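A.B. asks: Let me begin by handing over the structure; questions about it come next.
The values are calculated or read from the model by the stated rules, or taken from the named source; none is laboratory data. As the structure is a prediction and not an experimental result, all values here were calculated from the model. Backbone-built Cβ (ideal geometry, glycine too); neighbour counts: all protein chains shown.
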Amino acid sequence: MHRVLALYGTPEDPQAFKDYYVSTHLPLASRLPGMRSMRYSFDLSTPDGPAPYFAVFEAEFDSAEAFGAAVSSPEGQKVLADIPNYATGGLTIMDYPLLGTGSTQAKPQVIGAHEIELKPGTDEGEYERLALTTMAQPAPDGVTVRLFKGDRGARNGKYLMTLEMDTVANRDTTFPTEGSHDDSPAIQAWQQENPAAAEAWGRLSEYGGTTEVFTDYVAIDH
């Protein structure tokens, strides 16, 4: 696996940077061919205080060659050409292979599987790009959202969204009512703290939402 890391210096107008980055640049970046995942954050710090950077972005590709091909593609050239439009504080980009074996990330104890039915006429490519951009937004604590597309079986070509949660207790706190989050104080607090993320999820839901077919699976070794 090959990772790309982008570190942004403090821009001239921080709010304008955030608005442009989320609404314009990330959708461009989500179109990079061969990209396996992408994440970003504006909340950077060090043990000694504020970080020397304003924002960070990271993405993963299968290899250095895959990253190079993405940068050289028409989509990659659009991403590069867009950088001067917002990165007024400077930008440092690094890429490197990921070494080591295994993962130190805790295994999820609950996986919520939600079947997705898109509205008729929905452009699947546009939906996937928006989903990738949306899932790069901050999620509620202890929750990781992923989107899958069937390529065999009864739901071939259909989508499945999973919510991976670190503990059963966190699931019960974040989603206290089965099948709904309307009455969740944790979700309401998250929406207030992350209005851009909440808005992005709202746009994604316009393409179609989860059906009533869902199941929470709890790890038997938890």
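A.B. asks: With the structure loaded, tell me whether ALA169 is small (Gly, Ala, Ser), buried (at least 17 other Cβ atoms within 10 Å of the Cβ) and not assigned by TED's automatic domain parsing to the domain that holds ARG39 or whether it fails that test.
C.D. replies: no
A.B. asks: Go through (1) of a type in the set (Gly, Ala, Ser); (2) in the same structural domain as PRO195 (by TED's automatic domain parsing); (3) without any contact (Cβ under 8 Å) to a residue 24 or more places away in the chain one by one and return the number of the condition GLY142 breaks.
C.D. replies: (3)
A.B. asks: Can you pull out the residues in region 152-180 that are free of Cβ contacts under 8 Å to residues at least 24 places away in the same chain and under 30 Å from HIS25 (Cα atoms)?
C.D. replies: Matches in region 152-180: GLY157 only.
A.B. asks: Scan region 1-54 for residues that are out of contact with any strand residue (DSSP E or B) (no Cβ under 6 Å at 6 or more places or on another chain) and of a type in the set (D, E, K, R) and jot them down.
C.D. replies: Across region 1-54, the qualifying residues are GLU12, ASP13, LYS18, ASP19, ARG31, ASP43, ASP48.
A.B. asks: Next question. One residue is enough: does region 142-160 have a residue meeting the conditions touching a helix residue (DSSP H, G or I) at 6+ places or on another chain (Cβ under 6 Å), over 25 Å from THR122 (Cβ atoms) and in a loop (DSSP other than H, G, I, E, B)?
C.D. replies: yes
A.B. asks: Could you pull out the residue among MET135, MET165 that is closer than 20 Å to LYS119 by Cβ and among the aliphatic types (A, V, I, L, M)?
C.D. replies: Details: MET165 fails: closer than 20 Å to LYS119 by Cβ.
Result: MET135 is the single residue among MET135, MET165 that is closer than 20 Å to LYS119 by Cβ and among the aliphatic types (A, V, I, L, M).
A.B. asks: Let me ask you something else. Could you pull out the residue among THR122, THR133, THR177, THR144 that is in contact with a Ser or Thr (Cβ under 9 Å, 6 or more places away or on another chain) and surrounded by fewer than 14 Cβ atoms within 10 Å (Cβ to Cβ)?
C.D. replies: None of the other options fit; the residue is THR177.
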